[in-house]
Amino acid sequence: MLNRIKIFLLIFCSMFLNAGIKTKYGGNIIIRLNEPSSFNYSSSNYSNSIFFSLIYDNFFYLNSDGILSSNLFSSYDYDRNEKKITLNLKPYLSFSDGTRITPENLKFSIKVFLTKEMTTSKKLRRAINSFKIENNSMIITLNYDIPDVLQLLSVPELVLLSMNEKSFSGIFVPDQWESKKFIKLIPNKFYPGGRSYLDYIKIIFYDYYYPDIFLSGRNMKINNYNEFNAGIYQNFYLLFPYGSVGKNSKVALYSLFKIFFSKYNYSELNSLTSTEESPVAINITKFSLRKIRSILKYSRMIIYMTSSLKRYEKDLLDFFNKYKRLNITFNFIEGNKLKDFIKSNHSVKFLIGEKFFKKKTNIVDKLQRILDELSFTRLNEKYLNIMKELEEIKYLKNEELLMKQYSEYVTSIISDGLIFPLYHEKFSIYLKKNILNVKLDYYGRPLFNRVRVK
């Protein structure tokens, strides 16, 4: 009899403990980000990178320690001798509308990624020889060995796409969108990584006194919030994609934007990557307001900007309205259409662009990205040679020689007026303390697979 009582007590305690540790579904989170221009993937800034990670799944995730994981593949392998990547899909995966995820979707998604004008997509575009589909697997054959090719496939921009624009692969799907106010996202019940514990996420685009999660500058001390250093920074540049622009006009416009951005709590950018990591600091001479007016007063300028900078539109108009004699207007271009737009519009003389970088990324890789993605039509033979030399020196063990070469390239690029660095913004992510199980990946994005509200 005593043994029966013990067994009963053990079963009862086990049931009680299981009920006690079971994670409850429910709750919602409010996040403040910049408003996207559409649901078509664009990663022109850090905010976009976070937003699109909510509605699109990546092929691979790279955690902060460099370990790969995937919600899509039961197994994956790279055979360096055969130069073949094998991706074996898990069975019975679906997009948000219930349609099956197949190897054809993998092939389609990679081909879309390869069309992007990005350093990583160009590197893969050169390397990939062929695709082959076998049952529930896709095999990619390369032209040559890339030891870190699986890490390359983890970049945020490589997302799983459906053939239907209204179908998504991420942990959430769009439910409501009220322009300039919010987007409401609800759980994707077919998400390969498992349903979210949350009822919904609300992405807001206006100032709100400390939502549950928001991006801001470093070291804000806010009660009931935890700060996560994302290891991400974003740079603003003044660029000259087409046409002949006089040196004085370039410096006058540069000086004007330095004044404009000085009102924000950003750091001066006197290099091309970040001032603190660069061995060289370039100080471009700045003109006084009086001289700026005299140089630009008869100019009719259209300043183009990526659409992610639209958050500055009102401040820009107020700022330039102070200077009545400056005839300057602004046009905004979607980040994912920027390269094509500039190729087909030779009238784009002035552009404010931005790039965000992971602090851990090699400084030479960052410089390659800047040259490759922001120089547009200015990449003459001189700069193509710089790109080749950068690839060669990247693996040098001689740090002194590497930094010497890097300094010469940066000095040359800025002195030639190819790219003028403006400002540098560091990011932290702030989360209310009742939000649990948030982890950041290698690219500084919060992952929501296990996130819940306490």
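The values are calculated or read from the model by the stated rules, or taken from the named source; none is laboratory data. What you see is a predicted model, and the numbers here were worked out from it, not measured in a lab. Glycine gets a Cβ as well: all are built from the backbone with ideal geometry, and neighbour counts include every protein chain shown.
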Which of the residues spanning region 317-339 are touching a residue at least 24 places away in the same chain (Cβ under 8 Å) and closer than 23 Å to Ser38 by Cα? Phe330, Asn331, Phe332, Ile333, Glu334, Gly335, Asn336, Leu338, Lys339
Taking the condition of being touching a strand residue (DSSP E or B) at 6+ places or on another chain (Cβ under 7 Å), under 25 Å from Gly66 (Cα atoms) and not in a strand (DSSP E or B), how many residues in region 421-446 meet it? 5
Answer yes or no: is there a residue in region 154-167 that is at pLDDT 90 or above, in contact with a strand residue (DSSP E or B) (Cβ under 9 Å, 6 or more places away or on another chain), farther than 22 Å from Ser37 by Cβ and not assigned by TED's automatic domain parsing to the domain that holds Leu309. yes
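Listed here are the residues, each with its yes/no results for (1) in a strand (DSSP E or B); (2) in contact with a Phe, Trp or Tyr (Cβ under 8 Å, 6 or more places away or on another chain).
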position: Lys189; (1), (2): no, no
position: Gly194; (1), (2): no, no
position: Phe214; (1), (2): yes, yes
position: Tyr242; (1), (2): no, yes
Scanning region 273-299 residue by residue, the ones that are assigned to a loop (DSSP other than H, G, I, E, B), modelled with pLDDT of 85 or more and over 34 Å from the mean Cα position of the chain (by Cα) total 1
Output the qualifying pairs, or none if there are none: Cβ atoms under 6 angstrom, residues six or more apart or on different chains, first residue in region 238-259 and over 13 Å from Tyr423 (Cα atoms) and assigned by TED's automatic domain parsing to the domain that holds Phe350, second residue surrounded by fewer than 17 Cβ atoms within 10 Å (Cβ to Cβ) and among the acidic types (Asp, Glu). none
Go through region 240-254 and count every residue that is buried (at least 19 other Cβ atoms within 10 Å of the Cβ) and out of contact with any strand residue (DSSP E or B) (no Cβ under 7 Å at 6 or more places or on another chain). 2
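What about Phe357, is it surrounded by 14 or more Cβ atoms within 10 Å (Cβ to Cβ), part of a strand (DSSP E or B) and touching a helix residue (DSSP H, G or I) at 6+ places or on another chain (Cβ under 8 Å)? Walk me through how you get there before you give the answer.
On the way: surrounded by 14 or more Cβ atoms within 10 Å (Cβ to Cβ): yes; part of a strand (DSSP E or B): yes; touching a helix residue (DSSP H, G or I) at 6+ places or on another chain (Cβ under 8 Å): yes.
Against the criterion (surrounded by 14 or more Cβ atoms within 10 Å (Cβ to Cβ), part of a strand (DSSP E or B) and touching a helix residue (DSSP H, G or I) at 6+ places or on another chain (Cβ under 8 Å)), Phe357 qualifies.
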Please go through region 187-203 and pick out each residue that is in contact (Cβ under 8 Å) with a residue 40 or more places away in the chain and either in contact with a helix residue (DSSP H, G or I) (Cβ under 9 Å, 6 or more places away or on another chain) or surrounded by 17 or more Cβ atoms within 10 Å (Cβ to Cβ) (or both). Asn188, Phe190, Tyr191, Pro192, Gly193, Ser196, Tyr197, Leu198, Ile201, Lys202, Ile203
Lone unmet requirement of (1) more than 21 Å from the chain's Cα centre (by Cα); (2) closer than 30 Å to Val451 by Cβ; (3) part of a strand (DSSP E or B) for Asp207: (3)
Selection count, region 211-225, where residues are surrounded by 13 or more Cβ atoms within 10 Å (Cβ to Cβ) and either among the aliphatic types (A, V, I, L, M) or within 23 Å of the chain's Cα centre (by Cα) (or both): 8
The number of residues in region 85-143 that are at pLDDT 95 or above, assigned to a loop (DSSP other than H, G, I, E, B) and among the aromatic types (Phe, Trp, Tyr) is 1
Here is a list: Lys116, Lys111, Lys184, Lys107. Which entry is under 19 Å from the mean Cα position of the chain (by Cα), surrounded by 13 or more Cβ atoms within 10 Å (Cβ to Cβ) and either at negative phi or assigned by TED's automatic domain parsing to the domain that holds Lys355 (or both)? Lys116
